[in-house]
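What follows is a single structure, written as structure tokens, with notes after it.
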Amino acid sequence: MKKNGNTFVRLARYYYIIYKNKNYAREVDIIDSIIKRYIKSSPIQLLDMGCGTGEYLLLFAKKGYKTTGLDRSADMIRVARKKIKPFKESIKVFHGDGRSFRFNKKFHVVTALFDVLSYQLSNDDITVFLSNINDHLVNGGLLLFDCWYGPRVLQNKLHPRYMAYRQNKLTIHRYKESVFSINSNTVTIEHTLFIEKNTKLVEKIVERHAMRYFFYPELDFFLQSTGYRIKEWGLLHRYLRLPKSASWSVLFVAKKQ
């Protein structure tokens, strides 16, 4: 999921280069410590909604979880399947939409990381997405997700940005521009990438990502109305310390009632 429409289609094969410095391992260490406070089963069955190329799945599997991944991008799933071959007994991945895909099993934990919920733009999408996750959780199971946090988005709007990423003979030039829609609490980000190999331009990619930002009261309402109660929330990299100054992304831990 982590994507909607045509996002992350052509970009999938360059995803690992763009996000190679993201500290997935530290995030999983923190999330693992949170999960272990609530879930005592072993092994823990975990479903990652919007699993992307499978980086979180691999790290959870190495910690002993039985993991399942779902993503709306077929291109991302193709990359993930290559990654997980050594762990085929403990990791399964599927192509599908988190709002409608059905598994014939239930999970102790569902994660939706890297702002997957922010790709659910309408109230109906959010409600259906959260309800479908609830159907796949055991009683007392956990949902952990991060999302764009409204106060920070409004206080510090995104400005046009340029980044460059290099690996071996490839250089990726990435330009980002944002358009805000206050009435819908969304930001549409246009990513323009120029791919160079040996300094020669070989590809241009343009993708648009519409993202929704949230405020605590509305998330509390959505979660309560779909069968959850918020247990903890805060900054992921600060072990869920509540934000004193607004942060772009916050993590929520919700328990199925």
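The values are calculated or read from the model by the stated rules, or taken from the named source; none is laboratory data. Source: prediction; values computed, not measured. A quick note on method: Cβ atoms are made from the backbone with ideal geometry, for glycine too, and the neighbour counts reach across all protein chains shown. In case anyone asks, the SASA skips ligands and DNA or RNA and just uses the protein heavy atoms, side chains included. Shrake-Rupley method; radii C 1.70, N 1.55, O 1.52, S 1.80 Å.
From the residues in the stretch 132-158 that are out of contact with any helix residue (DSSP H, G or I) (no Cβ under 9 Å at 6 or more places or on another chain) and at pLDDT 95 or above, which one is surrounded by the fewest Cβ atoms within 10 Å (Cβ to Cβ)? Out of the qualifying residues, it is Asn139. Please name all residue pairs, on different chains or six or more residues apart, with Cβ atoms under 7 Å, provided the first residue is in the stretch 16-31 and is closer than 12 Å to Phe114 by Cα and the second residue is open to solvent by 50 Å² or more (accessible area, probe 1.4 Å). Within 7 Å, the pairs are Tyr24/Glu55. In the stretch 214-230, the residue that is surrounded by the fewest Cβ atoms within 10 Å (Cβ to Cβ) out of those that are in contact (Cβ under 8 Å) with a residue 40 or more places away in the chain and over 20 Å from Thr111 (Cβ atoms) is Ser225. Among the residues here, Arg152 qualifies as more than 18 Å from the chain's Cα centre (by Cα), outside any strand (DSSP E or B), farther than 24 Å from Gly96 by Cα and touching a residue at least 60 places away in the same chain (Cβ under 8 Å). Taking the stretch 177-257 as the region of interest, the strands (runs of 3 or more DSSP E) fully inside it that hold 3 or more residues being farther than 30 Å from Val138 by Cα and either touching an Asp or Glu at 6+ places or on another chain (Cβ under 6 Å) or among the basic types (Lys, Arg) (or both) are 186-197, 200-214. Given the criterion outside any strand (DSSP E or B) and farther than 25 Å from His237 by Cα, identify the matching residue among Asn139, Asn134. Only one candidate passes the filter, namely Asn134. Cβ separations smaller than 6 Å between residues 6+ apart or across chains give the following pairs from the stretch 231-257 residues that are closer than 23 Å to Lys157 by Cβ to residues that are surrounded by 17 or more Cβ atoms within 10 Å (Cβ to Cβ) and modelled with pLDDT under 80: Leu235/Ser247.
Anything in the stretch 158-174 that is under 23 Å from the mean Cα position of the chain (by Cα), touching a residue at least 24 places away in the same chain (Cβ under 8 Å) and not in a strand (DSSP E or B)? List them, or say none. The one that is under 23 Å from the mean Cα position of the chain (by Cα), touching a residue at least 24 places away in the same chain (Cβ under 8 Å) and not in a strand (DSSP E or B): Leu158. Scanning the stretch 159-183 for residues that are open to solvent by less than 50 Å² (accessible area, probe 1.4 Å) and hydroxyl-bearing (Ser, Thr, Tyr) yields a count of 4. Taken as a whole, the structure places Asp125 among residues that are surrounded by fewer than 23 Cβ atoms within 10 Å (Cβ to Cβ), modelled with pLDDT of 95 or more and over 13 Å from the mean Cα position of the chain (by Cα).
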